[in-house]
Amino acid sequence: MARFGMVLVVALCLTISVFPDTTTAQLSRGFYSKTCPNVEQIVRNAVQKKVKQTFVTIPATLRLFFHDCFVNGCDASVMIQSTPKNKAEKDHPDNISLAGDGFDVVIQAKKALDANPHCRNKISCADILTLATRDVVVAAGGPSYEVELGRFDGLVSTASSVEGNLPGPSDNVDKLNALFKKNKLTQEDMIALSAAHTLGFAHCGKVFKRIYNFNGINSVDPTLNKAYAIELQKACPKNVDPRIAINMDPVTPKTFDNTYFKNLQQGKGLFTSDQVLFTDGRSRPTVNAWASNSTAFNRAFVTAMTKLGRVGVKNSRNGNIRRDCGAFN
């Protein structure tokens, strides 16, 4: 879900003072400069090692970060394992398909950090996931950017809290905007973050309705490129295992680029929630702009990722530093 492109470094000057919310006040780029000055290099090395083992690490980590931040904020609560007394976030139906390689890269990075006496139990799992997400974007040829640090790990993780808080494959622009607005993200942020679908794969079960049983008039979604619809039907026959994987981006599935938007222009968005960004007149101008300007898209993506990383951040009063990313202390 390896072709690695040139890394485009986007210089982005963001200051915390623009966002006076107290939950973000502790975030800073040099948060661990005295306690664990090599934190970024240690995490990067772990990410690069894991990516060499399997490309799936890249989209899996990016998706894990998004699913974490959209439910109770960026606090690594999605990593908590369920217990007999608590069904955790990761076991909600919307999270069951999160690939294990995303969880594993965070676990491996934490092991590497804990092997350093200066860093042991000093770095939150939430910050490790945030750094690893930046690093997998870069590994796939996407923009590099400075990561704000200082998150604490959450103390709560329940499957029930996931319900209704993650975008679905059939969502329209109104639904998408509403979900993102809850997290102080704009329509432009939503479109930029949706482009994470330029990487990785989905499962046939998520597209059966679009290609076989769209509505009473059309068996195939009419917004779907006809040739692409045939390709999808070949990849996902009616009786195939719904867990069979298909590329999100049929053109460059292993490269972080603006091809996602070019695909939408051609009716090749895999999900309804992708294609609607082009069919809806409110979002189409942004899709067209970024399809023709990768630099503008990369800049918008960095802005959106930085804002996403500030959602629901925990501090020492409502969080802690987990010794094990999969269990509460």
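Here is a yes/no grid of residues against (1) touching a Pro at 6+ places or on another chain (Cβ under 7 Å); (2) open to solvent by less than 60 Å² (accessible area, probe 1.4 Å):
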| site | (1), (2) |
| --- | --- |
| Val276 | no, yes |
| Arg284 | no, no |
| Ala289 | no, yes |
| Asn298 | yes, yes |
| Phe301 | yes, yes |
| Ile321 | no, yes |
| Ala327 | no, yes |
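Quick one: in region 147-174, which of the residues that are touching a helix residue (DSSP H, G or I) at 6+ places or on another chain (Cβ under 8 Å) and open to solvent by 30 Å² or more (accessible area, probe 1.4 Å) is nearest to Lys254 (Cα to Cα)? Spell out how you get there, then give the answer.
Pass one, region 147-174, residues touching a helix residue (DSSP H, G or I) at 6+ places or on another chain (Cβ under 8 Å): 147-154, 156-159, 161-162, 165-173.
From the residues that got through so far, the ones that are open to solvent by 30 Å² or more (accessible area, probe 1.4 Å) too are 152, 156, 158, 165, 167, 169-170, 172.
Numbers: Phe152: 32, Val156: 34, Thr158: 33, Asn165: 28, Pro167: 23, Pro169: 21, Ser170: 24, Asn172: 26 Å.
Only one residue fits best here, namely Pro169.
Among the helices (runs of 4 or more DSSP H) confined wholly to region 217-329, which include 3 or more residues that are over 17 Å from the mean Cα position of the chain (by Cα) and within 23 Å of Arg63 (Cα to Cα)? Show your work before the answer.
Numbers: elements: 226-235, 259-265, 272-279, 284-291, 294-308.
Qualifying helices (runs of 4 or more DSSP H): 259-265, 272-279, 284-291, 294-308.
For region 175-229, give me each residue that is farther than 17 Å from Arg284 by Cβ, β-branched (Val, Ile, Thr) and either touching a Pro at 6+ places or on another chain (Cβ under 6 Å) or open to solvent by 10 Å² or more (accessible area, probe 1.4 Å) (or both). Of everything in region 175-229, those that are farther than 17 Å from Arg284 by Cβ, β-branched (Val, Ile, Thr) and either touching a Pro at 6+ places or on another chain (Cβ under 6 Å) or open to solvent by 10 Å² or more (accessible area, probe 1.4 Å) (or both) turn out to be Ile217, Val220. Cβ separations smaller than 7 Å between residues 6+ apart or across chains give the following pairs from region 296-318 residues that are over 16 Å from Gln187 (Cα atoms) to residues that are buried (at least 24 other Cβ atoms within 10 Å of the Cβ) and among the β-branched types (Val, Ile, Thr): Gly309/Thr130.
Quick check on this structure: which one of Val147, Val207, Val173 is of a type in the set (Val, Ile, Thr) and over 26 Å from Asn263 (Cβ atoms)? Answer to the check: Val147.
The values are calculated or read from the model by the stated rules, or taken from the named source; none is laboratory data. Values in this document were obtained by computation on a predicted structure and should not be read as measured data. A quick note on method: Cβ atoms are made from the backbone with ideal geometry, for glycine too, and the neighbour counts reach across all protein chains shown. For the accessible areas, the whole protein counts, side chains as well, though only heavy atoms, and no ligand, DNA or RNA atoms are used. Shrake-Rupley method; radii C 1.70, N 1.55, O 1.52, S 1.80 Å.
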